[in-house]
Amino acid sequence: MKYGRVLLEDVEGYVPGEQPQTSDVIKLNTNENPYPPSPRVIEALQSVSVNALRRYPDPVSLNFRAACARRYGLPNADWVIAGNGMDEVLAMAVRTFVDPDDAILTTYPTYTLYETLAQLHGAHIVEVDLDENFQLPEAFFETPARLVFLTRPNAPTGVAVPKGAVERLCESFDGIVFLDEAYVDFADAHCMDLVQQYDNLIVGRSFSKSYSLAGMRLGIGVAQPAIIDEFLKTKDSYNMNAVAQRVGKAAIEDAATLEANTARIRATRGRVTNALTELGFEVPESQANFLFAQWKGSPSAKTLFESLRDRGIFVRYFNARRLDHALRISIGTDAEMDALLTALGEMIAPVRA
Ligand SMILES: Cc1ncc(COP(=O)(O)O)c(C=O)c1O
């Protein structure tokens, strides 16, 4: 059981009680956004009144959900469920649509929380291996389950399956399809429009990456009203605090800041992909705000990870099948990425010479 995995594994460089961002390390290990959130978010924070803190928040986050529906061209708030981070929406989906002993289908590799949630719920996780290009094999479409978690773009590879594969899954899968689009604002195409077409589809979004709000904990699930109704029955009474509801509304209404920040990150992503390839890494085309830099040379990927850590540059290393030859590197500012590339160049050059 990997409960508590975040503190133990994910947040390298984290000092309990301190904001990891305030330390002087270069933190490229949890796919946070290096740029500040929308100025409207700051205004929303400053406008929080004492009464808003003294009173309970709106239990159904209506204004926030309505703003999300408007943003995605959906009829109204009945199409959106709000969560304390998308992680809470994922947990709610398991609680709402899966019974203990049911099967939950997903891919390998993917976001490890799905397995943890299945274990906590007493459900079985069925992982189907992605093919050598990190695409879906036929077996994935043939495996029955109550719920499927598909991540697009996937983590930790950054690879996005074609939108057609999502449509095929929605048509053929006899259960709920949870499409995790945590990183999709950095991608060429999303599947939000499919929720109007498929009554078994939930599209999940996170505000932690593209909206620079990991600390606020905001996420949503978008689906047809019959599914959202089920979520509303099982969610905690006041799952969204008053501040997060305001901030989320302000963030989603500022499409321009989202566009500007994601464009910057995509540009840096392209440049760093090329630079890593020059250094000898194999980097599948990423549609996310991180790169899966595969390294078959020497020193090993694990040694590179440790040497970077010793220099105060934190990237992510997975000691797991199909992943242990790679570094997952979040896209930071251009200066941070230059520091990373310089450090990697110095570690690799002596071996190559
Ligand atoms: C694939 C994927 N889904 C969901 C999440 C959770 O996002 P949130 O911070 O909104 O809980 C993450 C966070 O890293 C993720 O990588």
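The values are calculated or read from the model by the stated rules, or taken from the named source; none is laboratory data. Only a predicted model underlies this, so the values are computations on that prediction, with no experimental measurement involved. Cβ sites come from the backbone with ideal geometry, for glycine too, and all protein chains shown count toward neighbours. When the accessible area is computed, the model is the full protein with side chains, heavy atoms only, and any ligands, DNA or RNA have been set aside. Shrake-Rupley method; radii C 1.70, N 1.55, O 1.52, S 1.80 Å.
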For the chain, the Cα convex hull volume per residue in Å³ comes to 133 Å³
From highest to lowest solvent-accessible area (probe 1.4 Å; ligands, DNA and RNA excluded), Tyr198, Tyr114, Tyr56 read Tyr56, Tyr198, Tyr114
What is the sum of charges around Pro162, taking Lys and Arg as +1, Asp and Glu as -1, for the other residues whose C-beta is under 12 Å from the C-beta of Pro162? +1
Over the range 80-141, the quotient of the Cα radius of gyration and 2.2 N^0.38 Å is 1.20
Simple Cβ-charge dipole of the range 39-254, Lys/Arg +1 and Asp/Glu -1, about Cα centre, in debye nearest 20: 1300 debye
Please work out the C-alpha center-to-center distance from the range 112-187 to the range 247-265 and express it in whole Å. 27 Å
For the range 204-253, report the % of Cα-Cα distances exceeding 14 Å. 57 percent
Considering only the other residues whose Cβ falls under 14 Å of the Cβ of Glu230, what net charge follows from Lys and Arg at +1 and Asp and Glu at -1? 0
Taking R0 as 56 Å, what FRET efficiency do you get between Glu253 and Ser298 from their Cβ-Cβ distance, rounded to the nearest 0.05? 0.65
Can you tell me the length gained on complete extension of the stretch Asp229 to Arg54, counting 0.36 nm per residue apart and subtracting the Cα distance? 60.2 nm
If I fit a long axis through the Cα atoms of helix 86-97 and take the longest principal axis of the Cα atoms of the chain, what angle between them do I get, 0 to 90°, rounded to 10? 50 degrees
Ranked packing of 287-296, 94-103, 156-165, most packed first, by mean Cβ within 10 Å: 287-296, 156-165, 94-103
Expressed as an acute angle from 0 to 90° and rounded to the nearest 10, what is the orientation of the C-alpha long axis of helix 301-310 relative to the principal long axis of the chain? 90 degrees
P(r) for the range 213-353, please, calculated from all Cα pair distances in 5 Å bins and given in %. 2, 8, 15, 16, 14, 11, 10, 10, 7, 5, 2, 1, 0
Working from Cα positions, state the angle (0 to 90°, nearest 10) between the long axis of helix 255-279 and the longest principal axis of the chain. 30 degrees
Hey, which lysines would be in cross-link range of Lys235, C-alpha to C-alpha under 19 Å, not counting anything within fewer than 8 residues on its own chain? none
Helix-only mean residue ellipticity at 222 nm for the chain, each DSSP H run of n ≥ 4 adding -39500 (n - 2.57), per residue, nearest 500: -11500 deg cm²/dmol
Using a probe radius of 1.4 Å on heavy atoms only, what accessible surface per residue do you get for the chain? Whole Å² is fine. 43 Å²
Largest to smallest accessible area among Lys302, Lys27 [probe 1.4 Å]: Lys302, Lys27
Could you tell me what percent of the accessible area of the chain is made up of carbon and sulfur, with a 1.4 Å probe and every protein chain present? 50 percent
For the range 169-183, just list the computed ³J(HN,Hα) in residue order, Karplus coefficients 6.51, -1.76 and 1.60, θ = phi - 60°, integers in Hz, with x standing in for Gly and Pro. 5, 4, 6, 9, 7, 9, x, 8, 9, 9, 9, 8, 9, 4, 10
